[in-house]
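Asks: Here's a structure for you.
The values are calculated or read from the model by the stated rules, or taken from the named source; none is laboratory data. On a predicted model such as this, the values are computed, not experimentally measured, just so you know. Cβ: placed from backbone, ideal geometry, glycine included. Neighbour counts: every protein chain shown.
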Amino acid sequence: MRFYVISLLVLLPALMLLSLLKPFVVGFVEKPIGSEAAVAQPVIGDAMRGEALFLSKCAGCHLPEARFGPHLNTADFQARYAEDADLVFAIRSGREPMPAFTRERLSDQKLADLIAYLRSLSPEK
Ligand code: HEC
C-alpha cells in the first residue's frame, strides 16, 4: 500500500510536468523538416525595386544613351521575350560581353523584380 502512495506522489507531479512541456515538445516534433525550402513560394516581382536594380546593374550597357547593349523595350524585344522563362534564360546565361547573372549575383527575387520592371516599360517605336 505504501508503495502505491509513494509512486502516486511521484507520478502525479511528473505527469503534470509532462503535460506542461507537451506543447513545446509536440511543436518541435511535428514541424516538418525543411518545409520552407520544399514548398517553392511564387516569386512576385516589384517593378519599383526592379528599376533601381536595372539602373545599378544593367543601365550602364542597356540605356539608350549607352548604345552598347540592345534596347530592352522595343516592340520587337517584347515580342521575342513574351515568355518570362526566355528572359530568365537570357539574363541568367549572359552573352559576351554581357555577364551571366547567376543566382550569386542576382537572387530569384531580384530577377523577378527586374523582369517586372522591363514588363512595365511601354514599347519604344
Ligand atoms: C557589360 C554590359 C552589359 C550589362 C552590364 C548587361 N548587359 Fe544585357 N546585353 C549586353 C549586350 C552587349 C547584349 C547583346 C549580346 C548579343 O546579342 O550578342 C545584351 C543582351 C541582353 C539581353 C538579350 C537581348 C536580345 O535582344 O536578345 C537581355 C534580355 C539582357 N541583355 C538583359 C540584361 C539585364 C536585365 C541586365 C542587368 C541585370 C543586363 N542585361 C546587363 C550588355 C550588357
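Asks: For ASP76, are the conditions met, namely being surrounded by 14 or more Cβ atoms within 10 Å (Cβ to Cβ), assigned by TED's automatic domain parsing to the domain that holds GLY60, farther than 20 Å from LEU55 by Cβ and without any contact (Cβ under 8 Å) to a residue 60 or more places away in the chain?
Replies: Numbers: surrounded by 14 or more Cβ atoms within 10 Å (Cβ to Cβ): no; assigned by TED's automatic domain parsing to the domain that holds GLY60: yes; farther than 20 Å from LEU55 by Cβ: yes; without any contact (Cβ under 8 Å) to a residue 60 or more places away in the chain: yes.
Answer is no for this residue.
Asks: If a residue must be surrounded by 12 or more Cβ atoms within 10 Å (Cβ to Cβ) and more than 17 Å from the chain's Cα centre (by Cα), how many such residues does segment 101-122 contain?
Replies: Residues that pass the stated criteria total 4.
Table: residues versus (1) touching an Asp or Glu at 6+ places or on another chain (Cβ under 8 Å); (2) modelled with pLDDT under 95; (3) not small (Gly, Ala, Ser).
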| position | (1), (2), (3) |
| --- | --- |
| VAL39 | no, yes, yes |
| CYS61 | no, yes, yes |
| ALA66 | no, yes, no |
| LEU72 | no, yes, yes |
| ALA75 | yes, yes, no |
| ASP86 | no, no, yes |
| SER93 | no, no, no |
